[in-house]
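Participant: Before we start, here is the structure in question, set down as structure tokens.
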Amino acid sequence: MTQKQILPSGNPRIDRLEMQGIVKRFPGVLANDHVNFDVNAFEVHALLGENGAGKSTLMKQLYGLYHPDQGQIIFDGEPRLIHSPRDAINLGIGMIHQHFMLVDSLTVAENVALGLPSTRGIMTDLDRVTKRICELAEVYGLDVEPDAYIWQLSVGQQQKVEIIKALYRGAALLILDEPTAVLTPQEVDDFFVTLTKMANDGHALIFISHKLHEVMAFTHRVTVLRDGKNVGTVNTVDTNKNLLAEMMVGRPLNFIRNYKTIKCGNPRLKVENLSALSDRGVPALKNVSFEVCAGEVLGLAGVSGNGQPELAQVIAGLRPSTSGKIMIDDENLTGSTPMQVIDKGVAYIPEKRNVEGLIKEFSVSENLIMRDLDQEIYSRNAFLNMGNIAKRSADLVKTFNVKTPSIDTPIKSLSGGNAQKVILAREISRQPKVLIAAQPTRGVDIGATEYIHERIIEQRETGTATLLISEDLDEIFALSDRIAVIFHGEIMGVVDRKDATLQSIGLMMAGEQPPETKTAE
Amino acid sequence: MEDLFTGSVLIGLLASAIRLATPYLYAAIGETFGQRSGVLNLGVDGIMLMGAFSAFYVVFKTGDLVGGVLLAALVGLLMGLLMAFISVTLSAEQGISGIGVYLFGLGMSDLLFQKLINNVQTVSGFPVAPIPLLSEIPVLGPILFRQNVLVYGAYILVPIAWFVLNKTTLGLKIKAVGENPEAADTLGVSVSRIRYFTVSLGGMLSGIAGASLSIALLNVFQFNLTNGLGFIAIALVYFGGWRPTWVLLGSLIFSFVNALQIWVQVVGLPIPSDIAVMTPYILTIVVLVISAQRVRPPSALSKAYERLE
Amino acid sequence: PAAPAASTGPFKVAVVTPSAINDLAFSQSMYDALLAIQAEMGAENFEFVVSDSMFVVDDASSAIRDYASQDYNLIVAHGSQYGAALQEIAPDFPGVSFAWGTAGDTFNLPNVFAYEAFSQEGGYVSGVLAAALNKSGVIGVVGPVEVGDAKLYVDGFVAGVNATNADITVNVNYTGSFSDVALASEAAQTHIGAGADVMTGSAQMVVGAVGVAKEKGVLWFGTQADQASLAPDIVVACQIYDWAVVLRDIVSLVNEGTLGGKAYALSLENEGLKMVYNPGFDLPADVKALGDAAAKGIVDGTVTIGVGGK
Amino acid sequence: MRISWSSIFDALLPVIATLAALAVGAVMLILLGANPLVAYGALLEGAFGSFNALADTIVKATPLLLVGIGICIAFRAGVINIGGEGQMILGGLSSIALGLAFPDAPGILMIPMALLIGFIAGGLWGGIPGYLKARFNVNEILSTIMLNVIAVQLMNLLLRGPLIQPNQKGAAAIPQTARLSAAFDLPRLVPTRLHLGALIAVILAIGVYFFLWRTTIGYRIRAVGLNAAASRYAGIKVNRYIVLSLMLSGAFSGLAGAIQVYGVNHFMITDGSAASFTGSAGFNGIVAALFGQLHPVGTIPASFLFGALLVGANKLQRVVQVPAALITALNGLVVVFVVSSELWRRKNARRRAIKELEEKLAAAAAKEISPQPEGGG
Ligand SMILES: Nc1ncnc2c1ncn2[C@@H]1O[C@H](COP(=O)(O)OP(=O)(O)OP(=O)(O)O)[C@@H](O)[C@H]1O
Ligand SMILES: Nc1ncnc2c1ncn2[C@@H]1O[C@H](COP(=O)(O)OP(=O)(O)OP(=O)(O)O)[C@@H](O)[C@H]1O
Ligand SMILES: [Mg+2]
Ligand SMILES: [Mg+2]
């Protein structure tokens, strides 16, 4: 046996990893059905598939979190049993998880240090860890504050902590399960530089994403899964976005959309000089003003952590404002309770859908009635009308094409995209006057994304005023009539989509005042 | 009445509070470790009783005080291991398992007592061990440094616990496992090993808490000697927001008010005894309202961790 | 409703007690009496069973009913809290004899005996002795809940002290519990802190107080059972309850066919209450004489305690 | 649903676990010199051996069930009510005070009023920790433990004072109330101790099931318990529902107290502890509810089983004359064994689901292989 090559991080290189005939069953789901997968040193191998195709499941078996029912995992020709993440770590495997694996009440440095030996015996060596984090942050362009508590960080920053955790451990094989879902385009570019460098150093990388342009941009090979089965493995240079999409979904998708622009009606949602505090008690919104007309989509672009969730929450009545006014159709909504806001016809697709938008243990139908419980069709004199609820839920599940075994299935057994459709079904079916959609397609596969976009457009055409909050500029450009940019809690400017370029919006997102918007007004 | 708050009375009350707080501290610090790692052990009181009996038995038969503490610690450790096995390995609902362990300890300690000793007896427990020099300090000396060894031990435990939780890699793992076991698991931290450790440690300290009653403070054993003290200790963990220093403060406040209520009765203030007895409990609630801590419990508290395979 | 099995076999007794039979207090006093009677009559002639720790009244009444439906000659409900249960059960079993205490009321039922203890009497004697031995001018009393037997004893004790030396302060406190040993111990500490050099207390949790008294060398008077074994150096005397006095009579009445209707009281006079002096404690003869005089006065009626009708 | 051996095994699991615990208990019995067969025979006889025994079991189970359904409500709302003991006491005290104040009222009027006032008093006592939690963020585990002690002292105070039986006034007073007028006794269902309270409890358990799953209030209580943030988003006033659920939970315990007074004891007496009145139902009800999977209907058999164990164990003690402590220890073992057996239930359910999946997949595969006309099926 030959001596293993050593990587710059000090870990021995993994030249080739193979997963053969992996079968994994869950109650009711065959998540992996004889899946084959391999990755080599110096390679970035993409793993693609719709929501629920079995990507994360496959990777969790590699990382020792799940154990395959059948099949084997072979490292450099040697079959290995991986009982736990500890085994995986010892073999040189690292993983960035799709759902953050961070301890909220600990600091960044503490999260990074967790589970690592300390140079100071039983005592922690957080100052060393802090120093090393700063170095890594410097090298890879990941700005995070090592002393901050995780709960203080935005999702984007938390994603960076996950990346730092993986880099810090210097794994020879790194699994990246949707690492870019919440990063801005610039951050993604920087991140890819890092990953490319790692691959060139001899690391093996597995990359999962729903964003095909990312896959096209920097991976070497692509494996596509559908319904837990291999569809095929291709070299990236031999394929294109459309072919990949077709492999995933089983039908062609159209990425370019054409819809008629309609004339803006009356201002439906009016926000004037709105200010509010964040959870930490610091100003998160500063004199924010804008209008959304009936039949219009206003896209709100911005890097995460600039006040977007706070804005949505204030409008939804979930967070008090410190000053300013919110009007809907000339009715003052400032200071209303969430219930009053709901009654005024405001629909809200929250960003943290698992935390805020859904009750995971509740069934699909229970989640569908969540915001309209007192409506006559659902209840009378506090007694639920089970018949109507079932009928209506079945209707919604059908119209919105939610893939679920039944309306009584708990939401937690649904795939991410389908859970998102439940929220959408609930909010849109309320015929809202105003729709606040925060990150509506985050983590959702391309088929579902297409579907959600179509619904938002459809809604727009019925006269709903939509505020679309998204960090995904593609989405903003695809759907918006006008685009507003938020930075540090302030609106940097509002531009018509046809006047906007990726570059001008990007600059505003970085905090630069665009001179032309002032004059254009 | 006017002598109610003279210096010497106050010193007496404080000394009482310090002494009374001892079993609470051992049990509550032990429970803090368990809860910080996500395990709610409601069996503390039962474990204390088993510890109290074991220690008493050794001292009654041999007079060996250290041996008594060691056996109490060992028995506590075993009961802790049992609780860990049920709640970690078998992933049982922690609240009920704890009640089961409590009932078992309550019955078993009395059964052993009736079979092995039979009659209420006293033993010579740990003598007061004044610390040279320090005990001569006016005011503080008699309060703090004229106690027995197990009392000192309880107070030394507080900074140690603080150190372990806040300054060591082990503490980091414990906190992580209690907040987000999944995250800890993915970093190769064995959730069950940590929980076994903290729960057994908690059991061991509860055993010593029992010993502090039976061979240091009361020097007797009787059916249900603890009289629910272990449950108050759990309450103090919540009161202390899972931090040793605050647990200490809570134990002292509760004990002080209890000592005060006895004093008030002894000096004959015209208050019905029932009202006097309920005062510490009312005051504890008032203190809770005033301090209104915004600390939330460890997120994974009382949740079994299983990889959802 | 079988006729009493008097002549055919052993006399069978079932007893229900609220606390453990080894509590060195209320329940043990009954248990010891049963053992004494058994020793007198012989194990082949006198059998008894016990359900102890029946502090849940509901469970106790199930037990009483269950025993009554078997062939026991006498069922003793040893706890005033069982009275109402007995009042309901006894009429259903007219052929079975019941006894309950501590109380003075047979509910006018022909098959119920009642027994109580004038525990204020021994309390008074102890109070007299305590006053005589006291030097600091302060005496401490640790009570459980301010009721019943315990309160009688405490009030008798206070009366005895006052009658002897009105200048002595008697500090009384009730811990609110029959079982909280730790609180009783702390109460004793507080009494000693307040200057007490003699103490007493009632109910099973006082062992905690005795422990403290022993450690601090403070004198102790006990009640209900002989507590000298707990602290041979400092226990001066204990008032003990000898229920055998009552049981003996009940057994013979039942054997003769009288199933109840009589109320008993343990007193110094009928020697159901006894002052037991700890031989290990060197009590000055003149002090003991004071105590004896008080006891004699209570018996012949020259001393009025002023508590509980005595 | 198909009935399979493994699902029958599941249903019997608590029983099997109880038997396993009793097997351990048998060893202890042998060590104590008792014959375990005789002992367990006595246990069964004591719990189920006769109509009277069965009635005793049900009477014992009644407060467990009432407290238990209250616990279900609280747990569903994400709060833990350890205050059952105190709430039972308040229910008992208030209802007896009413009954003693109007001794001549007709029973048909007094009984519902007394149960109602017990319900309300328990609810208010439970509302205190609810309010403290909602308003001041005081942990309810803590405050309910404290309130238990306070309730006991309140009971001592009242029974020594205003509520004391008139002829008990004086130094040697036993702190007990007079007996309630016999007209107020809850009607007996059959000529045993079994009283109307048991029926009320079962009906209420079913009612609470409907309340939790069929009304908007129940929906909101459950939503708050599962996810407070999402509940706020759904327009629910979270704090209000926390208070409400603790109040309801307390109210059912209060009702248990009132029923204990009107159905079983007919008077109140204190020895200074809560358990002498409640029989620890305030705690045991929690265990019963958890055995019943925190489902009000599941709590019905769970309470029955637990009641049987308590009643039967007392009989065991009487027959083989082992120390009462053994019974306590044995109960502890049963609790531990039953709760531990849950693991097998879950594992079984999972295994079954996966097996079903495999069968389904196999069937689908078989279908695919056999030639089928296009568009068929
Ligand atoms: N622990 C589990 N228990 C039961 N079912 C599970 C579990 N984990 C995953 N599943 C199911 O297995 C299937 C595959 O899930 P997986 O998370 O691997 O999908 P994915 O490809 O990563 O999807 P996404 O793009 O949404 O992340 C889904 O149907 C999911 O519901
Ligand atoms: N607001 C908060 N949200 C979440 N977690 C928190 C918050 N505040 C503190 N924590 C967590 O609680 C732990 C304890 O906090 P803190 O550092 O104040 O206490 P300590 O150092 O253990 O106790 P003390 O300093 O009183 O001896 C911290 O390590 C942190 O993980
Ligand atoms: Mg995934
Ligand atoms: Mg600190």
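Participant: Give all pairs with beta carbons closer than 6 Å in which a residue from region B:233-260 that is in contact (Cβ under 8 Å) with a residue 12 or more places away in the chain meets a residue that is among the aromatic types (Phe, Trp, Tyr) and within 16 Å of ligand 4 (Cβ to nearest atom); count only pairs at least 6 apart in sequence or on separate chains.
Facilitator: Listed by first residue and then by second, the contacts come to B:Gly240/B:Trp246; B:Pro244/B:Trp162.
Participant: Here's another thing I want to ask about it. Considering region D:219-228 alone, what residues qualify as being in contact with a Lys or Arg (Cβ under 8 Å, 6 or more places away or on another chain) and within 9 Å of chain A (Cβ to nearest Cβ)?
Facilitator: Scanning region D:219-228 gives D:Arg222, D:Leu226, D:Asn227.
Participant: Looking at the structure I just gave you, is D:Ala289 closer than 24 Å to D:Phe210 by Cβ, touching a residue at least 24 places away in the same chain (Cβ under 8 Å) and facing another protein chain (nearest Cβ under 10 Å)?
Facilitator: yes
Participant: Would you confirm, using the coordinates I've provided, whether A:His67 is at the interface with chain B (Cβ under 10 Å from one of its Cβ atoms) and at pLDDT below 90?
Facilitator: Details: at the interface with chain B (Cβ under 10 Å from one of its Cβ atoms): yes; at pLDDT below 90: no.
Here the answer is no, as A:His67 does not meet what is asked.
Participant: Something else now. Condition test on C:Asp71, is it acidic (Asp, Glu), surrounded by fewer than 24 Cβ atoms within 10 Å (Cβ to Cβ) and on the phi < 0 side of the Ramachandran plot?
Facilitator: Values: acidic (Asp, Glu): yes; surrounded by fewer than 24 Cβ atoms within 10 Å (Cβ to Cβ): yes; on the phi < 0 side of the Ramachandran plot: yes.
In short, yes.
Participant: Another question, if that's okay. Where residues in region A:83-127 are facing chain B (nearest Cβ under 7 Å) and either on the phi > 0 side of the Ramachandran plot or in a helix (DSSP H, G or I) (or both), which of them is nearest to ligand 3 (Cβ to nearest atom)?
Facilitator: A:Pro85
Participant: Tell me whether region C:144-154 contains one or more residues that are more than 9 Å from every other protein chain (Cβ to nearest Cβ) and at pLDDT below 90. Walk me through how you get there before you give the answer.
Facilitator: Start the filter on region C:144-154 by keeping residues that are more than 9 Å from every other protein chain (Cβ to nearest Cβ), which leaves C:150, C:153-154.
When the remaining residues are screened for being at pLDDT below 90, the result is C:150.
Looking for residues that are more than 9 Å from every other protein chain (Cβ to nearest Cβ) and at pLDDT below 90, one finds at least one in region C:144-154, hence yes.
Participant: For A:Asp190, state whether it is buried (at least 20 other Cβ atoms within 10 Å of the Cβ) and more than 16 Å from ligand 2 (Cβ to nearest atom).
Facilitator: On the way: buried (at least 20 other Cβ atoms within 10 Å of the Cβ): no; more than 16 Å from ligand 2 (Cβ to nearest atom): yes.
No: the conditions fail for A:Asp190.
Participant: Let me ask you something else. Please give the number of the condition A:Lys60 fails out of (1) closer than 22 Å to A:Leu7 by Cα; (2) in a helix (DSSP H, G or I).
Facilitator: Among (1) closer than 22 Å to A:Leu7 by Cα; (2) in a helix (DSSP H, G or I), A:Lys60 violates only (1).
Participant: Ok, one more. Taking the options A:Glu291, A:Glu351, A:Glu272, name whichever one is within 28 Å of A:Ala419 (Cβ to Cβ) and either among the charged types (D, E, K, R) or out of contact with any strand residue (DSSP E or B) (no Cβ under 8 Å at 6 or more places or on another chain) (or both).
Facilitator: Only one candidate qualifies: A:Glu351.
Participant: So which of B:Ala154, B:Ala183, B:Ala209 is free of Cβ contacts under 8 Å to residues at least 40 places away in the same chain and either closer than 17 Å to B:Pro23 by Cα or within 14 Å of ligand 2 (Cβ to nearest atom) (or both)?
Facilitator: B:Ala183
Participant: Something else now. Restricting to region C:90-135, count the residues that are within 14 Å of chain D (Cβ to nearest Cβ), more than 23 Å from C:Thr304 (Cα to Cα) and surrounded by 24 or more Cβ atoms within 10 Å (Cβ to Cβ).
Facilitator: Counting residues in region C:90-135 that are within 14 Å of chain D (Cβ to nearest Cβ), more than 23 Å from C:Thr304 (Cα to Cα) and surrounded by 24 or more Cβ atoms within 10 Å (Cβ to Cβ) gives 3.
Participant: Testing A:Met59 on (1) buried (at least 23 other Cβ atoms within 10 Å of the Cβ); (2) within 16 Å of ligand 3 (Cβ to nearest atom); (3) more than 26 Å from A:Asn11 (Cα to Cα), one condition comes back false. Which one is that?
Facilitator: Result: A:Met59 fails condition (3) only.
Participant: Next question, about the same structure. Kindly provide the set of residues from region A:106-148 that are hydroxyl-bearing (Ser, Thr, Tyr) and in contact (Cβ under 8 Å) with a residue 12 or more places away in the chain, ordered by number.
Facilitator: Result: A:Thr107, A:Thr124, A:Thr130, A:Tyr140.
Participant: Hey, another quick one. Taking A:Val282 as meeting all but one of (1) in contact (Cβ under 8 Å) with a residue 12 or more places away in the chain; (2) among the hydrophobic types (A, V, I, L, M, F, W, C); (3) over 30 Å from A:Lys55 (Cα atoms), write down the number of the exception.
Facilitator: In the conditions (1) in contact (Cβ under 8 Å) with a residue 12 or more places away in the chain; (2) among the hydrophobic types (A, V, I, L, M, F, W, C); (3) over 30 Å from A:Lys55 (Cα atoms), A:Val282 misses (1) alone.
Participant: For region B:175-209: of the residues being among the polar types (S, T, N, Q) and assigned to a helix (DSSP H, G or I), which is surrounded by the most Cβ atoms within 10 Å (Cβ to Cβ)?
Facilitator: Pass one, region B:175-209, residues among the polar types (S, T, N, Q): B:180, B:186, B:190, B:192, B:198, B:200, B:206.
Filter once more, keeping what is assigned to a helix (DSSP H, G or I): B:186, B:192, B:198, B:200, B:206.
Details: B:Thr186: 26, B:Ser192: 17, B:Thr198: 29, B:Ser200: 23, B:Ser206: 41.
Looking at residues that are among the polar types (S, T, N, Q) and assigned to a helix (DSSP H, G or I), I get B:Ser206.
Participant: Does any residue in region A:315-332 that is away from chain D (no Cβ under 14 Å) come within less than 6 Å, Cβ to Cβ, of a residue that is among the hydroxyl-bearing types (Ser, Thr, Tyr) and not in a strand (DSSP E or B) six or more places away or on a different chain, and which pairs are these?
Facilitator: A:Lys325/A:Thr334; A:Ile326/A:Thr334
Participant: Under the condition of being facing chain A (nearest Cβ under 7 Å) and among the aliphatic types (A, V, I, L, M), which residue from region B:177-191 is nearest to A:Gln159 (Cα to Cα)?
Facilitator: Within region B:177-191, the match that is nearest to A:Gln159 (Cα to Cα) is B:Ala183.
Participant: Another one. Residues being crowded, with 23+ Cβ neighbours inside 10 Å and touching a residue at least 60 places away in the same chain (Cβ under 8 Å): count how many of those fall in region C:180-198.
Facilitator: Matching residues across region C:180-198 total 2.
Participant: Quick check on B:Ser214: is it of a type in the set (S, T, N, Q), on the phi > 0 side of the Ramachandran plot, in contact with a helix residue (DSSP H, G or I) (Cβ under 7 Å, 6 or more places away or on another chain) and more than 16 Å from ligand 2 (Cβ to nearest atom)?
Facilitator: Answer is no for this residue.
Participant: Can you tell me which residue is surrounded by the fewest Cβ atoms within 10 Å (Cβ to Cβ) among those in region D:134-147 that are more than 20 Å from B:Gly95 (Cα to Cα) and more than 7 Å from chain B (Cβ to nearest Cβ)?
Facilitator: Residue satisfying both the conditions and the ranking: D:Arg135.
Participant: Conditions first: (1) within 30 Å of D:Leu343 (Cα to Cα); (2) of a type outside the set (A, V, I, L, M, F, W, C); (3) not in a helix (DSSP H, G or I). B:Gly80 passes all but one, so which condition is the exception?
Facilitator: Evaluating B:Gly80 over (1) within 30 Å of D:Leu343 (Cα to Cα); (2) of a type outside the set (A, V, I, L, M, F, W, C); (3) not in a helix (DSSP H, G or I) leaves (3) as the failure.
Participant: Can you confirm whether region A:93-112 contains a residue that is loosely packed, with under 15 Cβ neighbours inside 10 Å and of a type in the set (D, E, K, R)?
Facilitator: Of all residues in region A:93-112, those loosely packed, with under 15 Cβ neighbours inside 10 Å come to A:99.
Checking the rest, the ones that are also of a type in the set (D, E, K, R) come to none.
Among the residues of region A:93-112, not one is loosely packed, with under 15 Cβ neighbours inside 10 Å and of a type in the set (D, E, K, R), which makes the answer no.
Participant: Could you pull out every one of the helices (runs of 4 or more DSSP H) wholly within region B:220-309 that has 2 or more residues that are within 8 Å of another protein chain (Cβ to nearest Cβ) and within 16 Å of ligand 2 (Cβ to nearest atom)?
Facilitator: B:229-239
The values are calculated or read from the model by the stated rules, or taken from the named source; none is laboratory data. Just so we're clear, the structure is a prediction, and the values are computed from it rather than from any experiment. Glycine gets a Cβ as well: all are built from the backbone with ideal geometry, and neighbour counts include every protein chain shown.
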